[in-house]
Each structure stands twice: as C-alpha cells, then as structure tokens.
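See below for the structure under consideration.
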Amino acid sequence: MLQIKDALVTLDLAEQYFQCDLDKCLGECCIEGDAGAPITREEYEKLKTLVDVVRPDLLPSAIRRIEEAGVGYVDEEGDLVTQIVDGKNCVFTTYGEGGKCLCAIEKAFREGRTDFRKPISCYLYPLRLTEYPTFTAVNYHRWKICKCAEVLGRANGTRLYQFMRQPLIERFGQEWYDELCLACEAYLDEYGK
C-alpha cells in the first residue's frame, strides 16, 4: 500500500496497466452487478434534479422505475445506490451506436446540459473507495469485464494511476494526485514492475 495524505492506496494503481476500451466492453460496468452505483446523499439530491434533463436519453423502463421508486435506494449492505432496472441496468444508462452503454448524465454533461458529470463512484470506477474514521482506502475492483482495459493499457503503456488522473484529482485534489504520481514512480523505479 501507498500512503498519500489520509488515503491508503493499493499498489495496483502503480502496477496495473489500464485504459478503458469502450469499443470492446460496451460499457458493461454500468450494466453488470447486483446493485446500482454507490452515491452520496448530496449526489442523490442532485440526481433527482437531473431526471428531466436526461429523460430523453433514458430507457422507458428506467423512467417508470424512477417514477415509481425514485433515483436511488439503500441496498442490502446499507449503502445508498442508484436504482436499477430490468435486473441489471443503472437507471441512468442509455445506449449508443453499436450497443454501447453510456451514462445519460455524462452525456448531458458533455453536451453542456448540466455541470454535474456523474456520481464520483462512477467517475472513479474501476477504483472503489472505502471511508474509515481516519483514512480512505483506494482499491482496484478487478473483474473480467475490464480485461480488455488491462490489455489496452498494457499496449499503450498506461498505468491505472495515469488513466484515472482526472477522477482522482476531482476527488482528492491536484496536490494529492501529484504526490500519488511521485509515489507510484518511485515504487516502479525501485521494484521495476
């Protein structure tokens, strides 16, 4: 583990090659899983205000689900998460060319219809944060659907910490990220992974 300020960071950020390959995975991370994306109470409130903005991009079943049950719920583990529909899709998924699953919120952000990109847990994915009283754990969620991202990252020489630059800066700040880069580079120089 690397300690960066008040965060303990898995060595996977330095060791693992990673670069999302949406053409291969088709956005499977927004579909697969047994619950929606983790959200904060503030994000829950923000998502409620964005429903009308993203409504044209949502699946009809997602619109019904939001109207019936809202944008989020507390899952079996006690976490606040986005609603899912059809037993798999986050309610904020939309589909693009070639069957690519996209985030309707991020699509609206990129089109200038909102200043909110998406919940931070989604932006940080495949990283998962666990908050403890005195520190935050930053871990890599490794699973088969991201194998193509590992392959593309290796081909392009992109490490996980490099690929996750913007989301990590948004969550922890530039100074924290700069310290992470120095720690990752020192680790790689010493251990040659």
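Quick check: is even one residue across region 63-80 under 24 Å from residue 164 (Cβ atoms) and among the hydroxyl-bearing types (Ser, Thr, Tyr)? No, region 63-80 contains no residue that is under 24 Å from residue 164 (Cβ atoms) and among the hydroxyl-bearing types (Ser, Thr, Tyr). Could you tell me whether residue 142 is out of contact with any helix residue (DSSP H, G or I) (no Cβ under 7 Å at 6 or more places or on another chain), open to solvent by 70 Å² or more (accessible area, probe 1.4 Å) and among the basic types (Lys, Arg)? Against the criterion (out of contact with any helix residue (DSSP H, G or I) (no Cβ under 7 Å at 6 or more places or on another chain), open to solvent by 70 Å² or more (accessible area, probe 1.4 Å) and among the basic types (Lys, Arg)), residue 142 qualifies.
For region 169-193, filtered to residues that are open to solvent by less than 60 Å² (accessible area, probe 1.4 Å), in contact (Cβ under 8 Å) with a residue 40 or more places away in the chain and out of contact with any helix residue (DSSP H, G or I) (no Cβ under 7 Å at 6 or more places or on another chain), the residue that is nearest to residue 121 (Cα to Cα) is 172.
Looking only at residues of region 122-139 that are open to solvent by 20 Å² or more (accessible area, probe 1.4 Å) and assigned to a helix (DSSP H, G or I), we find that the one that is nearest to residue 72 (Cα to Cα) is 122. Mind checking which residues of region 157-182 are part of a helix (DSSP H, G or I) and of a type in the set (Lys, Arg)? Within region 157-182, 165, 171 meet the criteria. Checked against the criterion of being among the charged types (D, E, K, R) and either assigned to a helix (DSSP H, G or I) or over 23 Å from residue 12 (Cα atoms) (or both), region 85-92 has at least one qualifying residue.
Put simply, of 190, 97 the only residue that is of a type in the set (Asp, Glu), more than 17 Å from the chain's Cα centre (by Cα) and farther than 24 Å from residue 1 by Cα is 97. Here residue 105 meets the list (1) open to solvent by less than 70 Å² (accessible area, probe 1.4 Å); (2) out of contact with any Phe, Trp or Tyr (no Cβ under 6 Å at 6 or more places or on another chain); (3) of a type outside the set (Lys, Arg); (4) in a helix (DSSP H, G or I) almost entirely, failing just condition (2). Within region 9-52, the set of residues being hydrophobic (A, V, I, L, M, F, W, C), within 17 Å of residue 165 (Cα to Cα) and open to solvent by 30 Å² or more (accessible area, probe 1.4 Å) comprises 11, 20. The lone criterion from (1) touching a residue at least 60 places away in the same chain (Cβ under 8 Å); (2) within 15 Å of residue 7 (Cβ to Cβ) left unmet by residue 159 is number (2). Does at least one position in region 63-75 carry a residue that is buried (at least 21 other Cβ atoms within 10 Å of the Cβ) and of a type outside the set (A, V, I, L, M)? Taking every residue of region 63-75 in turn, at least one turns out to be buried (at least 21 other Cβ atoms within 10 Å of the Cβ) and of a type outside the set (A, V, I, L, M). A single entry from 145, 105, 120 fulfils the requirement of being β-branched (Val, Ile, Thr) and in contact with a Cys (Cβ under 7 Å, 6 or more places away or on another chain): 145. Taking region 26-54 as the range and being in contact with a Cys (Cβ under 8 Å, 6 or more places away or on another chain) and part of a loop (DSSP other than H, G, I, E, B) as the test, the residues that pass are 26, 27, 31, 36, 37.
The values are calculated or read from the model by the stated rules, or taken from the named source; none is laboratory data. For clarity, every value in this text was computed on a predicted model and none was experimentally measured. Quick reminder, even Gly has a Cβ in these numbers, built from the backbone with ideal geometry, and neighbours come from all protein chains shown. Calculation scope for accessible area: heavy atoms of the full protein, side chains included, ligands and nucleic acids excluded. Shrake-Rupley method; radii C 1.70, N 1.55, O 1.52, S 1.80 Å.
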